[in-house]
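The values are calculated or read from the model by the stated rules, or taken from the named source; none is laboratory data. From a predicted model like this one, the values you see are computed outputs, not experimental measurements. Heads up, the Cβs are rebuilt from the backbone with ideal geometry, glycines too, and the neighbour counts pull from every protein chain shown. In case anyone asks, the SASA skips ligands and DNA or RNA and just uses the protein heavy atoms, side chains included. Shrake-Rupley method; radii C 1.70, N 1.55, O 1.52, S 1.80 Å.
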Amino acid sequence: MATKKEPTFEEQLAQLQQIVNQLEQGNIPLEEALQQFQEGIKLSKELQGKLTNAEKTLGHLIDDDGNEKVYEGSDDDPSNNGGGNRGYGSGDQVKG
């Protein structure tokens with residue numbers, strides 16, 4: 001019996017993009033649109049889970065002694081919500 005291969009992240013993302021394109025065109029019957037929408041939500045949740053797991057994996061580093069360390073990020077990283085987000089929603093406004 002053949003084992004069903006799980007689709008890759010990229011394959012699932014491409015499928016989600018195809019669903020979004022079909023829904024944006026708006027030329028499919030309502031029932032099919034609802035089915036596509038539900039499939040898109042399912043894919044979106046699966047992709048988010050994969051991204052979260054990848055983020056957790058990348059958040060741990062191994063030092064030279066083989067010990068695991070948690071990566072805390074740098075102050076220059078705009079995705080880091082710390083105080084070092086230069087120019088990213090810092091609240092400073094230019095007055096002129």
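Structure values in brief
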quantity	calculated
Residue count, the stretch 26-59 (criterion: among the small types (Gly, Ala, Ser), surrounded by fewer than 11 Cβ atoms within 10 Å (Cβ to Cβ) and in a helix (DSSP H, G or I))	1
Boolean, Leu23 is surrounded by 12 or more Cβ atoms within 10 Å (Cβ to Cβ) and out of contact with any strand residue (DSSP E or B) (no Cβ under 6 Å at 6 or more places or on another chain)	yes
Residue that is least open to solvent (accessible area, probe 1.4 Å) [pool: residues in the stretch 1-20 that are without any contact (Cβ under 8 Å) to a residue 12 or more places away in the chain and outside any loop (DSSP other than H, G, I, E, B)]	Ala14
